[in-house]
Each structure stands twice: as C-alpha cells, then as structure tokens.
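What follows is calculated from the coordinates using simple rules that are stated; it is not laboratory data. In this text, all values refer to a predicted model and were calculated from it rather than measured experimentally. Using ideal geometry, Cβ is built from the backbone for each residue, glycine included, and neighbour counts are taken over all protein chains shown.
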Amino acid sequence: MSTTRASLESIPVSRCEVTESDVAAVLETMRSQRLALGPQVREFERLCAEHAGCEHAIAVSSGTAGLHLLVLAAGIGAGDEVITTSFSFVASTNCFLYERAVPVFVDVEPETYTLDPTRIEEAITPRTKAILAVDVFGHPARWDEIHAVAERHGLTVIADPCESLGARYKGRAAGAEGIGGAYAFYPNKQITTGEGGMIVTHHADVAELCRSLRNQGRSAMGSWLSHERLGFNYRLDELSGALGVSQMRRLPELVAARAQVAAWYHEGLADLPIRLPTVRPEAEMSYFVYVVGLPEGVDRDDVMARLARRGIETRAYFEPIHRQPYIQAAFGDRIGPLPITEMLGRTMMALPFGSAIRKDEVDRVCEALREELAQ
Ligand SMILES: *Cc1c(COP(=O)(O)O)cnc(C)c1O
C-alpha cells in the first residue's frame, strides 16, 4: 500500500449530517425543561402526517417499535402467517415474531429487490393473515398490485417504509400503505432523531390503538394511572422530537443531496460489469443506501476486504433474513426456495453513502472498485 493511500482518511459506509440548527433546536428543548410528552413530538408528528399525506402520525422510540404496534393493530397473533420478504433488515420480520406469528417468505423481483406481487398468491394458506412489504433501499414496493391480491383474499397489508422516507409511488408519498407504515430515524436513515420512528396511517382506529399501546396502554381520555390494555413504553422523547422537527424541515434538501450522491455513483460506475440501482417508471426513489451487485463469479467478500484495506468501508447488504441463524433454527425446514434473494445475498454490497458524502470520496470509491474488479 502506498503512503499516499495509507494517509487518506477512511470513508465510512454511512455518514449523517447534524447541523448547527439541529443542535440549537435540541439545546432549546433542553432549556425548556420539558423532556417528554410535549410540543416537539407533537410538531414532529404533524410534519410527518403532512408529508405522508395522511391524517395520523404517531411518534415511537424506533422503526421496529412502530412496526410492532402495526402488527398488533392488524390483530396478528400466534400461528398466523405473514407473507413477507427475506431481502430486508431483520426488523421487518421480527415485528411479528414478537407476537409468535410465522413468516412465509416469498422471493423478490430482480430489478428493485422488493417483494414480487406475482408470487404472493401461491404462498397463501388458510392461516395467512397479512402481507408485510418493504420499500427496499428506498424504492417503493409495487403497492397497488399488493393491495389487489390482499383484497381478493381478505388479507391485511402492513408497510415497512423504514428505508423510503421521501420516496413516492404513483405520486403518493411512501409510508401509509394498507393499515399503515412506520418510518425509522436511526442515524443512517434519510433523517435522524438518534433513535426513533413514526407510524403513519389513514385509519383513525389504528392511530388511536397505536397511541395507547406506545403509552403503556393508557387511553387518550383516561387518567395517567388508568391502563386499558397491555401496552409498552415506545414513546419518543422531546429531545429526539426537536431533532426530528429540525431534520424533517430539511427533508427535501437531504433527499436531493442523497440523489446527487447516487447520480455521482451511477456516472462513475456506469461502464463496470456490476448491477446498479434501477428505478421503476411509477416510482421516485429516496436513496437510503447505494447498493451494487457484483457479477456472480466475483468473490464479493474478498472485494470488500480489499476495499477495507484501502480505507473504504462497505457492507454485505442484505444478509437475507431467512439465512439468519435464529430464523433457520425456528423455520429452516419450511422455507421454500428463494433463488433471487439467495443470489442477491451473495452479490450485493453497500457503498459509502449519505447526504454528507463528498464527490471526491465517491470518485475514490469508484476508482478503487474499478481497480479491484480488474484484478
Ligand atoms: C431501519 C429499518 C427498520 C427499523 O429500524 P430501527 O432501527 O428499529 O429504527 C425496519 N425495517 C427496515 C427495512 C429498516 O431498514
């Protein structure tokens, strides 16, 4: 390794951007002494509902918590089957495993890596209760086709838009599909609150139940020590709420900055024999990550190791959920063949990404990848 290379600053796989105005918003909230159940969370909810084009938004402590409450609102319980995708982050399956429901994984489509609606019908059994689809990497799933199958079979649809805040599908904002969806605000997402999430839904009954469940089963009207049902503490605090308000106001800017980084990658990698993100005509993608697919014959993990030695952090993305040891142990014998998911699991790699990644860093990643693939 040359000295110039060794002296280069390493490039992280994700970098978030907290501005001075974000810091000021959080400080102001600290000084207000109101740290929970206050105006910042309410304003953050209002902004998210407005963005999602729906009536209701309920702030929660994580995206996973939001999905869990939607699973409860769907009435999913022990032994119910949920048709979903394995090519996702584990939270999209964990959220219903908490209620002892059973995952039925169907394969994804090879262009956008989202759940393939044409494979749902063959997976339906008398125990099927719901379909949970994910807007993978910020690309909306084929929602209208999913809704059509769900309607034919009387199934509930739950959305996981944890990676797609700011995306659009047929003109509507990603988020409140079916009984609702939950955004996530971990620091690698389009906007961050540190930890946090937000349920968005068109349904008043779902919203009311989720509000109660996140707040220890209290009702909107009841007293502080009256609990109507078994609930959770899934509340978001005011400091996170203040950061969320400040970040949400910059969402268009942050999504545009990510699109710019994606465009630099597209251009820099266009002539390499790798799979780049595809966007379907009815969708506007909000890039959560920038993931490329290496050719089948190339040892992806070796390429990743060589990039790491050059100070470039990448990630195998996703490791399919059905490959995770705890899923194999519980359901391994009943998972059908998922050839596209398997292929993606072997070949996909996330490159350094985020609104704060610079052009010179993208250039360095593209050049390094070009050199390593030529080896
Ligand atoms: C980030 C993410 C979640 C939830 O993440 P939290 O860390 O719980 O906020 C859920 N599903 C997918 C697909 C995600 O990428």
Query raised in the report: Comparing Thr85, Thr278, Thr114, which has the greatest mean-square fluctuation in the GNM of the chain with Cα pairs linked when under 10 Å apart?
Result: Thr278
Query raised in the report: What is the distance in Å between the Cα centres of the stretch 180-238 and the stretch 351-366?
Result: 35 Å
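Over the chain, what lengths in whole Å, largest first, do the semi-axes of the equivalent ellipsoid take, defined as the square roots of 5 times the eigenvalues of the alpha-carbon gyration tensor?
Values: eigenvalues 229, 152, 59 Å².
In descending order the semi-axes read 34, 28, 17 Å.
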Query raised in the report: Hey, what do the phi angles of the stretch 325-340 turn into as Karplus ³J(HN,Hα) couplings, whole Hz, using 6.51/-1.76/1.60 and θ = phi - 60°, x for Gly and Pro?
Result: x, 6, 6, 4, 5, 8, 10, x, 6, 10, 8, x, x, 10, x, 6
Report task. Return the distance in nm (one decimal) between the two label points of a simple spin-label model at Glu296 and Arg370, each offset 7 Å from Cα along Cα→Cβ. Result -> 2.8 nm
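Based solely on its DSSP helices, what 222 nm [θ] is calculated for the chain when runs of n ≥ 4 H residues each add -39,500 (n - 2.57) and the sum is averaged over all residues, nearest 500 deg cm²/dmol?
-11500 deg cm²/dmol
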Requested in this report: Report the net charge of residues surrounding Ala59, where surrounding means a beta-carbon distance below 9 angstrom and charges are Lys +1, Arg +1, Asp -1, Glu -1.
Outcome: +2
Query raised in the report: What is the gain in length, in nm to one decimal, between Lys359 and Glu111 on full extension, counting 0.36 nm per residue of separation less the C-alpha to C-alpha distance?
Result: 86.6 nm
Query raised in the report: the stretch 1-122: Rg/Rh from Cα coordinates, Kirkwood Rh?
Result: 1.11
**Report entry** For the chain, built as a Gaussian network whose Cα springs stay under 10 Å, the top-fluctuating residue of Gly181, Gly222, Gly66
**Finding:** Gly222
Requested in this report: First select every other residue whose beta carbon is under 12 angstrom from the beta carbon of Arg34; then total the charges, Lys and Arg +1, Asp and Glu -1.
Outcome: -1
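With r defined as the distance between the Cβ atoms of Arg34 and Asp205 and R0 fixed at 35 Å, what FRET efficiency is calculated, to the nearest 0.05?
0.75
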Requested in this report: Under 14 Å from the Cβ of Phe232, count the other residues' Cβ atoms, weight Lys and Arg +1, Asp and Glu -1, and hand me the total.
Outcome: +3
Report summary line: Excluding residues fewer than 8 positions from Lys189 in its own chain, the lysines with Cα under 29 Å of it are Lys170, Lys359
Report summary line: Between Ala123 and Arg249, the FRET efficiency computed from the C-beta separation at R0 = 51 Å comes out, to the nearest 0.05, as 0.80
Requested in this report: Counting only GluC sites (Glu not before Pro) that are in a DSSP loop and have at most 15 other C-beta atoms within 10 Å, tell me the longest site-free stretch of the chain.
Outcome: 112-227
